[in-house]
Amino acid sequence: MDTAVLSRRKLLGRSLAGTALSAMAALGIDLRPAQARAWSLRIAEAKQYPSVCPYCAVGCDTMVYAQDGVILDIEGDPNSPINQGTLCPKGAAIYQLHVNPNRLTQVLHRAPGAASWEVIGLEEAMDMVAERVKATRDETFQETYEATNADGEPVERIQMATTEIFSLGGATMDNEWNHVHQKLMRGLGIVPIENQARI
């Protein structure tokens, strides 16, 4: 019996509270916490820029909110026919790509045997990578490559292979990049080509 009385009291209290909140909202009184009010004002005053999530090849549409050249928030675009405003966990965290204090903005290089990193220019770094790729390809390129099983029987025969370079793609590569990347890797004779998304 006490339970019935208690639940009736709760029901009455909730009804009165709901009526009071509705009346306050009609009068323009905002009872949300100050942080929530500040958040809605911050987004309301920001400019919106349509963009695309930089991760996988799905290409989910995003809406970037910025004010005075500073990104305030990035959300899924509700008008998108692809993702309809939703984002996966990686996509929902792309704001952190822009504001993370640990984000590297310069090329770092640690020479063999060195104990610390040094900042080098992007052109220098690209030249170093190209030189190493060419040297490895020149040393390991085979016009005919045969893989064998434990019994020494041939199980695979590949024409023109570079056997010491492995290509591992990342989740931020879009379809266009993957197309060019595949053409480059196949042109170099690289056989093991994989993507991080499948590992």
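The values are calculated or read from the model by the stated rules, or taken from the named source; none is laboratory data. Just so it is clear, the model here is predicted, and its values are computed rather than measured. Backbone-built Cβ (ideal geometry, glycine too); neighbour counts: all protein chains shown.
Of note, Glu143 does not satisfy the criterion of being touching a residue at least 24 places away in the same chain (Cβ under 8 Å) and loosely packed, with under 11 Cβ neighbours inside 10 Å.
Could you say whether any residue in the stretch 131-142 is out of contact with any Ser or Thr (no Cβ under 6 Å at 6 or more places or on another chain) and among the aromatic types (Phe, Trp, Tyr)? Checking the stretch 131-142: not a single residue is out of contact with any Ser or Thr (no Cβ under 6 Å at 6 or more places or on another chain) and among the aromatic types (Phe, Trp, Tyr). Looking across the stretch 94-126, just one residue is among the β-branched types (Val, Ile, Thr) and assigned to a helix (DSSP H, G or I), and that is Val99.
Taking strands (runs of 3 or more DSSP E) as the structural unit, those lying wholly within the stretch 132-199 and holding at least 3 residues that are touching a Pro at 6+ places or on another chain (Cβ under 9 Å) correspond to 141-148. Restricting Thr86, Thr62 to residues that are closer than 16 Å to Asp174 by Cα and either in a helix (DSSP H, G or I) or polar (S, T, N, Q) (or both) narrows the list to Thr62.
Regarding the stretch 148-160, can at least one residue be identified that is at pLDDT below 95, of a type in the set (Val, Ile, Thr) and out of contact with any strand residue (DSSP E or B) (no Cβ under 6 Å at 6 or more places or on another chain)? Taking every residue of the stretch 148-160 in turn, none turns out to be at pLDDT below 95, of a type in the set (Val, Ile, Thr) and out of contact with any strand residue (DSSP E or B) (no Cβ under 6 Å at 6 or more places or on another chain).
Please work out if Leu108 is closer than 30 Å to Val70 by Cβ, touching a residue at least 12 places away in the same chain (Cβ under 8 Å) and surrounded by 11 or more Cβ atoms within 10 Å (Cβ to Cβ). Yes, satisfied. Exactly one of these conditions fails for Met160: (1) surrounded by 13 or more Cβ atoms within 10 Å (Cβ to Cβ); (2) under 18 Å from the mean Cα position of the chain (by Cα). Give me its number. Going through (1) surrounded by 13 or more Cβ atoms within 10 Å (Cβ to Cβ); (2) under 18 Å from the mean Cα position of the chain (by Cα) one by one, Met160 breaks only (2). Among residues of the stretch 50-79 being under 21 Å from Glu176 (Cβ atoms) and surrounded by fewer than 18 Cβ atoms within 10 Å (Cβ to Cβ), the one that is modelled with the lowest pLDDT is Ala57.
Do the conditions hold for Gly85, that is, is it in contact with a Pro (Cβ under 7 Å, 6 or more places away or on another chain) and free of Cβ contacts under 8 Å to residues at least 12 places away in the same chain? So Gly85 passes the test. Remark: Val129 falls outside the filter, which requires a residue to be part of a strand (DSSP E or B) and free of Cβ contacts under 8 Å to residues at least 60 places away in the same chain.
Scanning the stretch 163-188 for residues that are over 25 Å from Cys60 (Cα atoms) and surrounded by 14 or more Cβ atoms within 10 Å (Cβ to Cβ) yields Thr163, Ile165, Ser167, Met185, Leu188.
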